[in-house]
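Enquirer: The structure is given below, and queries will be raised subsequently.
Each reported figure results from applying straightforward, stated rules to the coordinates on display, with no laboratory input. Here the structure is a predicted model, which is why all the values come from computation and not from measurement. Here Cβ is always computed from backbone atoms with ideal geometry, including for glycine, and neighbour counts include all displayed protein chains.
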Amino acid sequence: MIKVITYGTYDLLHHGHIRLLERAKALGDYLIVGVTSDDYDKTRGKINNQQSLMERVAAIKATGLADEIIAEEYEGQKIDDIRRFGVDIFAIGSDWEGKFDYLNEFCKVIYLPRTEGVSSSEIRAKNRKLVIGIIGSGGLRNKFIREMQYVNGVEHKECDDTLDGVDAVYVASHPRRHYDDVKRALLAGKHVICESPLALEAEKCRELIDYARENGLVLEDAIKTAYSTAYSRLLVVAKSGRIGDIVSVDSVCSSLAGGVAEPGVDLSRRQNSISSWGPTAMLPVFQLLGTNYKTKSIVTKLINSDYNFDGFTKIDFVYDKAVASIKVAKAAKAEGELVITGTKGYIYVPAPWWKTDYFEVRFENPANNKRYFYQLDGEGIRYEIVAFAKAVESRRDYSYISDQTSLAIVKVIEDFYSGDRIELK
């Protein structure tokens, strides 16, 4: 029996895929098809899949061409599979010509002609046509525009106050303007992705969320960290019981940005520490421990009381069975790490944890420690855009941040502005 193996993503299975599978099948007696997992695709920079792994496997199975279907989950698996299954022929599309010659040591490698004029990328781009306008300026705007080019079917278009000609709006204005800008876009019938916080008052945040839901619009809280693979995985590991019961979450975000503490700096146009860093720092607290804390205390050091501009703020949360602490600063510097403490061990994420592609699970016995590495492209922004585009297309919630978390973040920031805080001299 001659065994043939081939691999692919097979998103939106089309005629080109089927012809390639037919050619591979004709090479032998038994065809094994490897379908790349979602996580492995991310490590290869493929973030636009519209179908889940199970949907793609089902589509391959429905063709009747595969004798066996497996998931490809890590780099180097091809060699392992060839040995494990006793494969005679490795077949792949001719667009990979020469890339897999190294497998000739283990079996015969054949590059098959592809069907011209058909590609999943083109199909995705045709199916998903989302034009996004932008409200705001500066670095966040520029990063968002740059990352949009990696998402098929998503385009940027300059827009005026009428928001005509766009399907959705990205809001990156000053947090003081978020409520007005988001509301204006929603009232115009546009989907919205907004930098956190969505508003500076919980009641207004709830108003925006309710209006979007009632009118079939997508409103996404844009904390890019939530969409990074490493961060998503550490949440799973922490909640799985691997480190036991979580008893503490400590999160630090700081940056000495733009000389905000220097005399003469116009702080009216700058974001303070709590608005700039607060949402990111609070994210793991609320996603791991929930939003129903018993008490919280806010201690801050202001560098300008007229604008409530905090150079440093520390917030402590007390839950029934755990505690949490965040530190945010734009006029002070600390190690920007995340530590999740459990009864059996702890998770350590090195600085800057909000951009991490790596974390460690540590135990009393170092021999049991484990390191996790994941690909991170575009600081998570492109994954955030993909989730937003999917939500708009399907009208399903693909956000990684719940409404409850968004509201909890806004409530803490509202309390800060209302004066529910201790001020350091």
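Enquirer: What's the angle, to the nearest 10 degrees (0 to 90), between helix 53-63's Cα axis and the longest principal axis of the chain?
Expert: 20 degrees
Enquirer: Moving on. Can you list the residues, at least 5 places off or on another chain, whose amide H is less than 5 Å from the amide H of Ile69, using H built in the peptide plane?
Expert: Val33
Enquirer: With a cap of 16 neighbouring Cβ atoms within 10 Å, and only residues DSSP puts in a loop, list the chymotrypsin sites (Phe, Trp or Tyr not before Pro) found in segment 209-283.
Expert: Working: sites: Tyr211, Tyr227, Tyr231, Trp277; in loops: Trp277.
Filter output for segment 209-283: empty list.
Enquirer: Next question. Express as a percent, rounded to the nearest 5, the fraction of DSSP beta bridges in segment 292-425 (both residues included) that run antiparallel.
Expert: 95 percent
Enquirer: I want to check the label-to-label distance for Ser418 and Arg213. Put each point 7 Å from Cα in the C-beta direction and report it in nm to one decimal.
Expert: Inter-label distance under the simple model: 2.2 nm.
Enquirer: Suppose we keep just the DSSP beta bridges with both residues in the chain; what percent of those would be antiparallel, to 5? Before the final figure, lay out the partial values.
Expert: Numbers: 33 of 76 bridges.
The answer is about 45 percent antiparallel.
Enquirer: Using the 10 angstrom Cβ neighbour count as an exposure proxy, how do Met1, Met148, Met54 rank, fewest first? List each step's numbers first, then the result.
Expert: On the way: Met1 7, Met148 20, Met54 11.
Ordered from fewest to most neighbouring Cβ atoms within 10 Å, Met1, Met148, Met54 come out as Met1, Met54, Met148.
Enquirer: If you don't mind, there's one more thing I want to ask. Could you list Ile243, Ile315 in order of exposure, starting from the residue whose Cβ has the fewest other Cβ atoms within 10 Å? Before the final figure, lay out the partial values.
Expert: Numbers: Ile243 21, Ile315 24.
Listing Ile243, Ile315 from fewest to most nearby Cβ atoms yields Ile243, Ile315.
Enquirer: Can you compute 3J(HN,Hα) from phi for each residue in segment 82-96, using the Karplus curve 6.51 cos²θ - 1.76 cosθ + 1.60 with θ = phi - 60°, rounded to whole Hz and x for Gly and Pro?
Expert: 4, 5, 5, 9, x, 6, 9, 9, 9, 10, 8, x, 5, 5, 9
Enquirer: Stretched out fully, how many nm does the piece from Asn365 to Asp101 gain, at 0.36 nm a residue minus the Cα gap? Kindly include the intermediate steps, with their values, before the conclusion.
Expert: Values: separation 264, 0.36 × 264 = 95.04 nm, distance 4.30 nm.
Computed gain between Asn365 and Asp101 is 90.7 nm.
Enquirer: Using the Karplus curve 6.51 cos²θ - 1.76 cosθ + 1.60 with θ = phi - 60°, what ³J(HN,Hα) values do you get for each residue of segment 304-312, in whole Hz, with x for Gly and Pro?
Expert: 7, 6, 4, 9, 6, 8, 8, x, 7
Enquirer: How far is helix 139-148 tilted off the main Cα axis of the chain, in degrees rounded to 10, range 0 to 90?
Expert: Orientation of helix 139-148: about 20 degrees from the principal axis.
Enquirer: How many nm separate the modelled label positions at His15 and Arg395, each set 7 Å beyond the Cα in the direction of the Cβ?
Expert: Here the modelled spin labels are 3.2 nm apart.
Enquirer: Give the angle, between 0 and 90 degrees and rounded to the nearest 10, that separates the Cα long axis of helix 178-187 from the longest principal axis of the Cα atoms of the chain.
Expert: In the chain, helix 178-187 runs at an angle near 50 degrees to the longest axis.
Enquirer: Rounded to the nearest 0.05, what FRET efficiency is calculated for Asp306 and Ala58 with R0 set to 45 Å and r the Cβ-Cβ distance? Display every interim value, and only then the final one.
Expert: On the way: r = 60 Å, r/R0 = 1.34.
With R0 = 45 Å, the Cβ-Cβ based efficiency is 0.15.
Enquirer: Where the convex hull is taken over the Cα atoms of segment 258-355, what is its projected area averaged over directions, in nm²? Spell out each step's value before the answer.
Expert: Working: hull surface 28.2 nm².
Hull-based average projected area comes out at 7.1 nm².
Enquirer: Residues with amide H under 5 Å of Tyr7's amide H, sequence separation 5 or more or different chain, H placed in the peptide plane at 1.01 Å from N; which?
Expert: Distant-sequence amide H within range of Tyr7: Gly34.
Enquirer: Around Lys143, with a cut-off of 13 angstrom between Cβ atoms, what is the net charge of the other residues, counting Lys and Arg +1 and Asp and Glu -1? Write down the numbers at each step before the final one.
Expert: Details: positive: Arg141, Arg146, Lys224, Lys355, Arg382; negative: Glu147, Glu195, Asp377, Glu379, Glu384.
Net charge in that neighbourhood comes out at 0.
Enquirer: Please work out whether segment 147-285 counts as rounded, prolate or oblate from its C-alpha gyration tensor, where a ≥ b ≥ c are the square roots of the eigenvalues and a/c under 1.5 means rounded, while otherwise a/b larger than b/c means prolate and anything else oblate?
Expert: Values: a/c = 1.77, a/b = 1.24, b/c = 1.43.
In terms of gyration-tensor shape, oblate.
Enquirer: Within 10 Å of each residue's Cβ, count the other Cβ atoms and sort Thr6, Thr313 from fewest upward.
Expert: Values: Thr6 22, Thr313 25.
Fewest-to-most Cβ neighbours within 10 Å comes out as Thr6, Thr313.
Enquirer: What does the helix-only formula give at 222 nm for the chain: each DSSP H stretch with n ≥ 4 adding -39500 (n - 2.57), the total divided by the residues, and the result rounded to the nearest 500 deg cm²/dmol?
Expert: Details: 13 runs with 135 residues, N = 425.
That comes out to -9500 deg cm²/dmol.
Enquirer: Next question, about the same structure. What translational diffusion coefficient, in µm²/s and rounded to a whole number, does the Stokes-Einstein relation yield for the chain at 4 °C and a viscosity of 1.567 mPa s, taking the hydrodynamic radius as the Kirkwood radius over Cα pairs?
Expert: Rounded to a whole number, D works out at 54 µm²/s.
Enquirer: Please state the shape class of segment 292-336: rounded when a/c is under 1.5, otherwise prolate if a/b exceeds b/c and oblate if not, all from the C-alpha gyration tensor. Present the calculation step by step, with values, prior to reporting the outcome.
Expert: On the way: a/c = 4.60, a/b = 1.81, b/c = 2.54.
Oblate, since a/c reaches 1.5 and b/c is not below a/b.
Enquirer: Another question, then. Using the Kirkwood radius built from alpha carbon pairs, what does the Stokes-Einstein equation give as D for segment 122-222 at 20 °C and 1.002 mPa s, in µm² per second? All intermediate terms of the calculation are to be shown ahead of the outcome.
Expert: On the way: Rh = 13.8 Å.
In µm²/s, the coefficient is 155.
Enquirer: What does the C-alpha gyration tensor say about the overall shape of segment 218-277? Classify as rounded when a/c is under 1.5, otherwise prolate if a/b is larger than b/c, or oblate.
Expert: Verdict is prolate for segment 218-277.
Enquirer: Also, I was wondering about something else. Dipole magnitude of the chain about its Cα centre, charges +1 at Lys/Arg Cβ and -1 at Asp/Glu Cβ only, in debye to the nearest 20?
Expert: Working: 57 positive and 61 negative charges, 76 e Å.
Once rounded to the nearest 20, the dipole reads 360 debye.
Enquirer: Tell me the Kirkwood radius of segment 204-311: reciprocal of the mean inverse pair distance over distinct alpha-carbon atoms, in Å. Kindly include the intermediate steps, with their values, before the conclusion.
Expert: Values: mean 1/r = 0.0589 Å⁻¹.
Computed over segment 204-311, the radius equals 17.0 Å.
Enquirer: Sketch the reach of a paramagnetic label on Asp29 as a point 7 Å from Cα along Cα-to-Cβ, and name the residues of segment 1-17 whose backbone nitrogen lies under 12 Å away.
Expert: Under 12 Å, as judged by backbone N against the label point of Asp29, lie 1-4 of segment 1-17.
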